[in-house]
Amino acid sequence: MSEQATKLVKQNIPDIAAHQIDAVLSLLEQGNTIPFIARYRKEMTGSLDEVQILSIQDEFKRATALQDRKEAVVKSIAEQGKLSDQLAKQINQAEKIQDVEDLYLPYKQKRQTKAMIAKQRGLEPLANWLLSFPTGDLTNEAQKYVNADKELPDADTVLEGAQEILAEAFSEVAAIRNWIRNFTTQHGQLVTKVKTHGQELDEMGVYQQYYDFQAPIAKLNSYRILAINRGEKEKVINVKVLVENDPINNYLHFRLIGQHRDGMAVEFIQNAYEDAYKRFIAPAIEREMRHELTQSAQEQAIKVFGQNLYNLLMQAPMKGKVVLGFDPAYRTGCKLAVIDENGKFLTKAVIYPHKPAAEAKRAAAQPELIKLIEQYHVEMIAIGNGTASRESEQFVADTLTKIKRPVYYVIVNEAGASVYSASQEARDEFPDLHVEQRSAISIGRRLQDPLAELVKINPESVGVGQYQHDLPDKDLSEELDAVVERAVNRVGVNLNTASYQLLAHISGLSKTIATNIVKYRDENGRYDSRTQLKKVPRLGPKAFEQAVGFLRIIDGKNPLDNTDIHPESYPLAKQVLQQAGIKQDQLGSENAKAKIATVDPKPILADEKVGSETLQDVIASLQAPGRDLRDDMPAPLLRQDVITIEDLKTGMKLQGTVRNVVDFGAFVDIGVKHDGLVHVSKLRNKFVSDPKKSRCSWRYRDSLD
């Protein structure tokens, strides 16, 4: 592990103690996963959570990349025989990749430039002479370098070559670039103008607000940057970074000329640095600014996507209910699938309640739906929110009025369901069903257990981000994989019902091992003990250690296997139970819960091998075996009737579901045809900088934007 990289991590994450960072990096180096460290190594890390541990890991990767680049640059310059002690020190002390690249720029191998040609023609001594600010006539000195054989026919050509050398040299001074970069960041403006034929390309006026737009670089919102980038890519607008030149020229004058006021060399050098800024520095800084703005905006968008995905995955499950999945459509009919309390597919059907279906088919749709509901004792109907969703909602609501017992419906976000239904995994699970029928099953299962179903879908397909198609695939995938891993491991999974897709996200398990776990279950029957996992092919001791605590066995041989207590802490759990005076098979009862709450931790903590954080977790787990964090989340909105946009009145208060939170506001489903956008300016009566952190009650009159 690089000491320099570790030191840099500690500098860049000052809010986490150095010993905690050391512990995390050591645990990661030993092959431990982030969920495992966060849950089962709290004493070592000081109870850091997954997000904090991930930030340390990411920062270490960046610091390691920086250290590797430093070493490569030092080696390259040394091989050229140009590495001084001072330069090596500057490179080693650099804290950003950009600082390293600035220092490396004069020594970087590049295509032949005009300055390089001028040096080859012997004009470097003249350029150095000019930097001494001579008072004599520059033309006389330049005349000495006139040489037709070197393509230097006259003094003017000679001086032009010298200016090229100086301009390039000035542009490669790291301190100059850094000052101008900082000044541009603080005072620069991003300016956009519509192109000559831009409006013709922008038929819907999507980029109209950027036809004549200007904003400080330091205050640009990430969603604006991504929108501007897309508008530029679609050739609708031109984009420039503008900054006032006078302060920059004043700085260059002070830096390169200083107190020298007289002589022709002063004017010559002034022309050289103005040329350096115009041709070399300004374009390079603009590219850097655009790149940094884009990178920052992408990182923010990826975080938005990740947070929304996490909230989606952590929706409260609708447990123990028979559900009818309803995939709406017009012409091809609505596909129905009934699934039992455990998500097992029972039956399918197709009904035609909407035009352009024939009147006879439309008339038969309701009786058929009622028959399915009654025959299979359906308790919930999950309606996909795609095409014909609202018409189907009205149809279902009308049908439920004819059912004597309570049956509810929920509008379910079906984003990505069709993608999964057409996948090889779906074909393997339901080889005899059509894509739409698989989709109805997926929609129904999303209501029963959103996490278990959504992990089967590529995270980019769930539709909970902003500008996702403009984001780097690799970075987005890494973030979303981390989010899914965090959600799955926080919840835990039932070892006897989990799909291989769900198991593959468990700490320490690969897709191959997850598949082997399911295969072993299919061949040998249900697991009745966590220790049986050791018999699964390719699941070695390390994988077992990392995964076992997140895998639950309901009604197994050992009640502790239905908790998130790691087997390594079973002796501690038994000690707690012994002090509480209860047996393992009493876990889950109110009496056991009350007795465990009275346990005095002090005698147990007297054993130096026992940590207080682990003991607290063990006690909490014993009090609530089989607990599901999602049970504390808001339940889905159950409905029996429909409201339309015409039913709404100004000032009406309605409960809704936040579907998507983005930088400019939140999209809320309150049961009408389209989600309402609550703009960031309407979230509260005071300024809101981050919609994700806003907690408030919204009136729908503010959502009609």
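Read-outs throughout are calculated quantities, based only on the coordinates presented, and are distinct from any laboratory measurement. Note that this is a predicted model, so its numbers are computed, not measured. Ideal geometry is used to build each Cβ from the backbone, glycine not excepted, and the neighbour counts take in all protein chains shown.
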For segment 377-434 versus segment 301-343, the gap between their alpha-carbon centres in whole angstrom: 8
Sorted by Cβ neighbour density within 10 Å, fewest at the top, the residues Phe183, Phe345: Phe183, Phe345
Estimated inter-spin distance, Thr650 and Ala364, nm [label 7 Å along Cα→Cβ]: 5.0
Spacing of the two label points (7 Å from each Cα toward its C-beta) at Ser2 and Glu608, in nm: 3.7
Answer label, with P(r) over Cα pairs in 20 Å bins from 0, in percent calculated from the coordinates and candidates [x] 13, 30, 25, 19, 10, 3, 0; [y] 16, 39, 29, 15, 2; [z] 13, 36, 31, 15, 5, 0: [z]
Net charge of Cβ neighbours under 10 Å - reference Gly231; Lys, Arg +1; Asp, Glu -1: +1
Dipole magnitude of the chain about its Cα centre (Cβ charges: Lys, Arg +1; Asp, Glu -1), debye to nearest 20: 1980
Around Thr512: net Lys/Arg minus Asp/Glu count, Cβ-Cβ under 14 Å: +3
Gained length - Lys235 relative to Phe268, 0.36 nm times residue gap less alpha-carbon distance: 7.9 nm
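Full extension from Asp555 to Lys474: what is 0.36 nm times the residue separation minus their Cα-Cα distance, to one decimal in nm? Kindly include the intermediate steps, with their values, before the conclusion.
Details: separation 81, 0.36 × 81 = 29.16 nm, distance 4.11 nm.
Contour length minus the Cα-Cα distance gives 25.0 nm.
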Residue-wise HN-Hα coupling along segment 475-483, computed from phi with Karplus coefficients 6.51, -1.76, 1.60 (Hz; x: Gly, Pro): 5, 5, 4, 5, 5, 5, 4, 5, 5
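So how strong a dipole does segment 262-371 carry about its Cα centre when Lys and Arg Cβ are +1 and Asp and Glu Cβ are -1, to the nearest 20 debye?
Details: 15 positive and 13 negative charges, 293 e Å.
Dipole magnitude for segment 262-371 comes out near 1400 debye.
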Added length on full extension, which subtracts the Cα-Cα distance from 0.36 nm per residue, Glu203 to Thr401: 66.7 nm
Helix-only [θ]222 nm of the chain, DSSP H runs n ≥ 4, -39500 (n - 2.57) each, per residue, nearest 500: -15000 deg cm²/dmol
Distance from segment 176-193 to segment 1-72 (C-alpha centre basis), Å: 33
Dipole axis of segment 323-462 (+1 Lys, Arg; -1 Asp, Glu on Cβ), positive-most option in Ile351, Ser392, Ala363: Ala363
17 Å reach of a label modelled at Glu374, 7 Å along Cα-to-Cβ, counting backbone N of segment 390-425: 398-408
Cα→Cβ-extended label distance, 7 Å offset, between Asn496 and Leu105, nm: 6.7
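Once you list every other residue whose beta carbon is under 14 Å from the beta carbon of Arg331, what net charge do they have if Lys and Arg are +1 and Asp and Glu are -1?
Working: positive: Lys335, Lys355, Lys361, Arg362; negative: Asp327, Glu391, Glu436.
Once all neighbours under 14 Å are counted, the net charge is +1.
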